[in-house]
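In what follows, a structure is listed as structure tokens, so that the remarks can point back to it.
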Amino acid sequence: MTLSKPFKAAAVQAAPEFLDLGGTVDKTIALIEQAARQDVKLLAFPEAWVPGYPFWSWLGSQAWGMQFIGRYHANSIERDGPEMQAIAAAAARADMTVVLGTSERDHGSLYLGQTLIGPDGAILAHRRKLRPTHVERSVFGEGDGCDLKVHATELGRLGALCCWEHLQPLVKYAMFAQHEQIHVAAWPAFSLYEGKAYALGAELNTAVTQVYAAEGQCFVIAATTLVTPHIQAMLCDGPDKVDLLPLGGGCSMIFGPDGAPLADRLAPTEEGLVVAEIDTSMIAYAKAAADPVGHYSRPDVFQVLFDDRPRSRFTRASICDKDDEAQIDAGDSASQ
């Protein structure tokens, strides 16, 4: 297990320039620059940060929500587009590892994505949420086993998941089994259905993130967005929807490998960075007590079958290439 020197990590708690790709890219770069002034070496963004989480899918019928689809698709980000390149260049200027939450546009489909960018601006990985949650499936496609990866970096072994992927025990174990040291947990705002659906709220989902740190004995940087008056006004056409999507919902935090919170929390409506020091040497103390993929496991009783092969929806079945075809055609002509 490679140990890095202690460094500062930060979780973003903010709202994007909602449904505005260019504006959100500018705000992303500004937050990277703000974090750099605080000597942050790892910066985590919320779920679907670019260009914002599709709260409308929880607020009304699918027919009503279709009014947002065209704009959302147009303002989602492409893996190799100029907007991603601009963010990667900002990470390189700041000498910072960045984990960016995205609505990823891949031709006609969208995916809940996270892009891991190294301090040199190189893309470490693009990943997709394995299974979008509930009504999210009306907006996004799904990932596959290759999206559950932990990556060796100069800061430590880094992984990332979105939202309720943290409620799926086998998904978590697949990450733990790759000896994850630093984990980015990307969440939307926790104000949706506030007081009406406990499972979507800050208390439960903060606990889920905290338990992830204790279960996996890893540092967890949990980033949340928040609902602003601007977002509420865009999505809520009446008091019933305002009641379903109140303001705020920010709850970013950083947890240590024993589950302890390591930073001061911002107010639910406050934008900013939650910053803490990460010292991966502390993981050894947590692992000494309970390592679920090592001495605290029982492989004679339980094993996880994990298929991490990428799945393609399109496979060519050609039996030869063009040069072969030319030779075949020449042979046919000669035989005649």
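Sparse packing (at most 11 other Cβ atoms within 10 Å of the Cβ) combined with a DSSP loop state is found for none of the GluC sites (Glu not before Pro) in region 103-154. Overall size of region 109-249 from C-alpha positions, given as principal axis extents largest first: 48, 32, 26 Å. Taken over the C-alpha atoms, region 1-86 has Rg and Dmax values of 16.1, 52 angstrom.
Do any of K172/K196; K5/K287; K129/K241 go past 25 Å between their Cα atoms, and which? Display every interim value, and only then the final one.
Details: K172/K196 27 Å; K5/K287 19 Å; K129/K241 27 Å.
Among K172/K196; K5/K287; K129/K241, the Cα-Cα distance tops 25 Å for K172/K196; K129/K241.
Test of understanding: what is the full-extension gain from R265 to D26, defined as 0.36 nm times their sequence separation minus their Cα-Cα distance?
My answer for the length gained is 83.5 nm.
When F7, F255 are arranged by Cβ crowding within 10 Å, least crowded first, meaning fewest neighbours, the order is F7, F255.
Figure legend: label point modelled 7 angstrom from the Cα of Q38 along Cα→Cβ; residues of region 216-231 with amide N under 20 Å from it are 219-228.
Scaled against the 2.2 N^0.38 Å expected of a compact globular protein of N residues, the Cα radius of gyration of the chain reads 1.09. Annotation for I123 and A74: the two label points, set 7 Å from Cα along the Cα-Cβ direction, are 2.4 nm apart. A Förster radius of 22 Å combined with the Cβ-Cβ distance from D307 to E154 puts the calculated FRET efficiency at roughly 0.15.
All of the numbers you see were taken from the coordinates with simple rules; none came from a lab. Everything numeric here is computed off the predicted structure, so don't read it as measured data. When we count neighbours, we look across all protein chains shown, and the Cβ atoms used for this are built from the backbone with ideal geometry, even at glycine.
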